[in-house]
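Everything below concerns the one structure shown next.
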Amino acid sequence: MGHTDESTTATSIDPADRRFAAVRGSERQLSGIRPQSLAERLADLSGEAGQAAFDLDGRPDVYGDGIVTALEDRVAELLGTEAAAFFPTGTMAQQVALRCWAERTGNPLVAMHPLAHPEVHERQAYSQLTGLRSVWPTTAPRLPSAAEIADCDEPFGTLMLELPLRDAGFMLPTWDELAATVAAARERDAVVHFDGARLWETEPHFGRSLPEIAGLADSVYVSFYKTLGGISGAALAGPTEYVAQARAWRHRYGGQLFQQWPAVLSALVGLDRELPRLDAYVDHAKTVATALSAAPGGRVHPAVPQTHQFQFWLPYPADRLNEATLRQAEESRRVLFGGWRDSAVPGLSLTEITVAGPALEWTEEDVADALKEFVTLLG
């Protein structure tokens, strides 16, 4: 057949494969965690971490018992709720959460932010699958205030608050502001649901425990892969009767899987390994943000990170920034950033910084040195 030269082979490499190889082969990584191969992930789950998280000599789960029940019980205890149910995806958990409250309140109207996950990342499933409607108490890039909840001109039955509000820059209110917003919803006889995909890392900002935070809401959703490094999965927590209702809808939505032990075991490992480290990640994010803010034309948002994640902006096209990121990883084996994307602000591209275990090794001077090299690669 035809001859394939080296240049053709190089350009035909899948971008995802190239990034995987570059990041996995790096010696230092600032944002995120080092990706694992399939073999490495299996070895991790079957090694010391997996054995410490659960009895690996026991039988696998069958339709949600065994190890799944153990995870659900642990989440309920961590959040201080009566019960919790495991879901294969957060999108499914969110849809079920809102549907159950609509059934209980008899009100299909949900107050949420226009940047909330169901509005931006779930293809409006809440309306397409359940017939719910949304109302936006505010369009400002933050969660609604108590006054905005009180002044909302539509009689919503559920208030959904995303903590933190990711697409606004992982923004959080103060504890007093959050409590006041919840109280304003209660004054309107509405129930409150927390989209807490990243609730785990909000404790330092609020200065409150997870049970205290979750206790403000009627129900809470948490993710196991966004912060804890799990394979997939989520949990919906709340009163026993509500969670039982959620389990019924989980089955109807196709979430009653025969076996889920790999995802569940990885969630238990994450609770053991990552949850105790989150305070350190949140604290170090401030150091990383300070160093990155010195980049020519760079912007950090929020200026002082409220969790271990924040936005970073640079005045270059996203494809150019992505190429420089990979070149730096391949040539100097240092990875500063995850993926870049063009933003709604002309001339600026955006990436999300996630300060996790690998970033703790970076001093402010280390970040500045690698950033200088990165800018050079941009030309």
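The values are calculated or read from the model by the stated rules, or taken from the named source; none is laboratory data. Worth saying up front: this structure is predicted, and the values here are computed from it rather than measured. Glycine also receives a Cβ, built like all others from the backbone with ideal geometry; neighbour counts cover every protein chain displayed. To get the accessible areas, we keep the full protein, side chains included, count just its heavy atoms, and leave off ligands, DNA and RNA. Shrake-Rupley method; radii C 1.70, N 1.55, O 1.52, S 1.80 Å.
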Using the Cβ atoms and a cut-off under 12 Å, what net charge is assigned to the surroundings of residue 250, where Lys and Arg are +1 and Asp and Glu are -1?
-> +2
Potential lengthening between residue 14 and residue 251 on full extension [0.36 nm per residue; Cα-Cα distance subtracted] = 81.6 nm
Rounded accessible area per residue of the chain, 1.4 Å, Å² | 44
Beyond 18 Å, the calculated P(r) of the stretch 65-130 holds a percent of Cα-Cα pairs equal to 48
Count the net charge of all other residues whose Cβ sits under 14 Å from the Cβ of residue 226, scoring Lys and Arg as +1 and Asp and Glu as -1.
-> -4
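Please quote Rg/Rh for the stretch 55-173 to two decimal places, taking the Kirkwood radius as Rh and restricting both calculations to Cα atoms. Walk me through the numbers before you get to the answer.
Details: Rg = 16.9 Å, Rh = 16.2 Å.
Taking Rh as the inverse mean 1/r over Cα pairs, Rg/Rh reads 1.05.
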How large is the helix-only mean residue ellipticity at 222 nm for the chain, computed as the sum of -39500 (n - 2.57) over DSSP H runs with n ≥ 4, divided by its residue count, in deg cm²/dmol to the nearest 500?
-> -13000 deg cm²/dmol
Semi-axis lengths, Å, the chain, gyration tensor of Cα atoms, sqrt of 5 times eigenvalues | 36, 27, 20
Proximal charge balance of residue 113 [Cβ under 12 Å; K/R count +1, D/E count -1] = -3
Could you compute the FRET efficiency for residue 124 and residue 56, with r as their C-beta to C-beta distance and R0 at 35 Å, rounded to 0.05?
-> 0.30
Name the residues whose placed amide hydrogens come within less than 5 Å of the amide hydrogen of residue 316, ignoring near sequence neighbours (fewer than 5 apart) on the same chain.
-> 349
Percent antiparallel among DSSP beta bridges confined to the chain, nearest 5, equals 55
Residues of the stretch 296-339 with amide nitrogen under 11 Å from the 7 Å Cα-to-Cβ point of residue 375?
-> 296-298
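Given a 1.4 Å probe and heavy atoms of the protein chains only, how would you sort 92, 112, largest accessible area at the top?
Listed by decreasing accessible area, they come as 92, 112.
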Whether the stretch 234-332 is rounded, prolate or oblate, judged on the alpha carbon gyration tensor where a/c under 1.5 counts as rounded = prolate
Distance in nm between residue 258 and residue 33 label points, each 7 Å along Cα→Cβ, equals 2.9
Along the dipole axis of the chain (charges at Cβ: +1 for Lys and Arg, -1 for Asp and Glu; origin at the Cα centre), the most positive-end residue among 282, 125, 113 is 125
Ranked by accessible surface with a 1.4 Å probe, highest first, in what order do 129, 314 come?
-> 129, 314
Residue 29's amide H: which non-local residues (gap 5+, or another chain) put their own amide H closer than 5 Å, with H modeled 1.01 Å from N in plane and none for Pro or chain starts?
-> 335
Quick one: accessible surface of residue 258, probe radius 1.4 Å, all protein chains present, in square angstrom to the nearest 10.
-> 110
Among 87, 156, 20, determine the one that fluctuates most according to a GNM of the chain built with springs between C-alpha atoms less than 10 Å apart.
-> 20
